[in-house]
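A short write-up of the structure that comes next.
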Amino acid sequence: MRSPLIALASATLLAVPLAVAAAPASAATCTAPELVSSSVAPRTVVVGTSLPKGFVATVGVDPHGCTVTHVDSDFLTPTGGTETFAMDEEETVDGVTTYDVGIRISPGALPNADAGRWTSAVHLSWASSSTSADGASFRVLRAATLTTNATPEPVRQGKTLTVTGTLRRANWESRTYAGYTKRHVVLQFRTLTGSYADVKTVTSRSHGKVTAKVEARLDGCYRFVFRGSATTAKVTTKGDCVDVR
């Protein structure tokens with residue numbers, strides 16, 4: 001079985017070069033540098049089956065009089081895959097130096113089990129010493145697609161309207177979209193001049209199929225909404241508008 005670490009290092013994360021500023025001058029007294037901030041943007045990275053998606057990790061370091069020689073960041077996946085990247089120095093404001101690194105995630109290199117919460121750790125080096133601290137956490141999710149089709153069109157007032165759709169999510173291993181079953185999907189409705197509101201909740205069946213039946217009362221538009229899961233991104237369809245006669 002291929003190691004998650006090897007998969008991550010060989011094809012998944014590619015560092016994006018960023019500008020490097022001049023190193024700060026040494027101060028007279030050096031105590032241990034301190035990690036004062038850590039963030040990842042965006043906080044949720046949604047990866048489909050074809051295009052790479054990126055994020056930027058940023059940290060703030062108070063050198064406390066030391067000359068910091070290296071700032072590195074580990075990224076840890078849910079399955080234990082880990083890769084370390086050197087961070088680039090950007091600027092110093094009010095005694096705090098900012099470092100960052102840009103990362104791309106390529107579909108097809110991650111196992112599906114790596115969807116979910118990722119964590120990071122930051123390593124600071126100076127002189128002959130080093131220290132580590134927990135960095136920001138963020139989510140890497142599988143992209144989802146969803147469709148809506150309301151029939152019949154037009155429909156007589158008081159008759160049954162059937163709204164169908166299919167919920168699929170990205171399979172990173174096969175680089176295809178497959179049905180996402182046993183998930184709650186919300187049917188919403190709006191009048192032609194109104195706003196969407198929840199009508200009912202249904203559960204996706206085999207191959208991700210969803211079906212909702214409602215009584216046709218007013219002209220308007222129906223759409224399905226999947227509000228996401230711990231591993232899969234949320235998705236909302238375009239509305240399918242119906243003429244009620």
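Residues to consider are T82, T92; find the one that is among the polar types (S, T, N, Q) and under 21 Å from the mean Cα position of the chain (by Cα). The conditions single out T82.
Residues in segment 134-150 that are assigned to a strand (DSSP E or B) and more than 26 Å from F189 (Cβ to Cβ) were compared, and the one that is most open to solvent (accessible area, probe 1.4 Å) is D134. In this structure, is A9 part of a loop (DSSP other than H, G, I, E, B) and either at pLDDT 95 or above or open to solvent by 40 Å² or more (accessible area, probe 1.4 Å) (or both)? Criteria not met by A9. Figure legend. Inter-residue proximity from segment 118-131: first residues within 10 Å of V71 (Cβ to Cβ), second residues outside any strand (DSSP E or B) and among the small types (G, A, S), beta-carbon distance below 7 Å, spacing 6+ or different chains. Indicated pairs: V122/G135.
Would it be correct to say that A115 is open to solvent by less than 50 Å² (accessible area, probe 1.4 Å) and closer than 30 Å to Y180 by Cα? So A115 fits the description; yes. Number of residues in segment 84-120 that are over 19 Å from V61 (Cβ atoms) and charged (D, E, K, R) equals 3. With respect to (1) of a type outside the set (F, W, Y); (2) over 30 Å from G239 (Cα atoms); (3) open to solvent by 40 Å² or more (accessible area, probe 1.4 Å); (4) out of contact with any His (no Cβ under 8 Å at 6 or more places or on another chain), the lone exception for T131 is condition (4).
Here T160, T232, T203 are screened, and the one residue that is open to solvent by 50 Å² or more (accessible area, probe 1.4 Å), of a type in the set (V, I, T) and either within 24 Å of the chain's Cα centre (by Cα) or at pLDDT below 95 (or both) is T203. Can you spot a residue in segment 209-226 that is touching a helix residue (DSSP H, G or I) at 6+ places or on another chain (Cβ under 6 Å), crowded, with 19+ Cβ neighbours inside 10 Å and either hydroxyl-bearing (S, T, Y) or over 19 Å from V140 (Cα atoms) (or both)? No, segment 209-226 has no match at all.
Among the residues of segment 168-200, those identified as touching a helix residue (DSSP H, G or I) at 6+ places or on another chain (Cβ under 8 Å), without any contact (Cβ under 8 Å) to a residue 60 or more places away in the chain and open to solvent by less than 40 Å² (accessible area, probe 1.4 Å) are G179, Y180. On the given criteria, is E153 at pLDDT below 95 and open to solvent by 20 Å² or more (accessible area, probe 1.4 Å)? So E153 passes the test. Collect the residues in segment 61-106 that are crowded, with 21+ Cβ neighbours inside 10 Å and in contact with a Lys or Arg (Cβ under 9 Å, 6 or more places away or on another chain), keeping them in residue-number order. Passing the criteria: only I105.
The values are calculated or read from the model by the stated rules, or taken from the named source; none is laboratory data. Given the structure is predicted, the values throughout are model-derived calculations rather than measurements. Glycine gets a Cβ as well: all are built from the backbone with ideal geometry, and neighbour counts include every protein chain shown. For accessibility, only protein heavy atoms count, side chains too; no ligands or nucleic acids. Shrake-Rupley method; radii C 1.70, N 1.55, O 1.52, S 1.80 Å.
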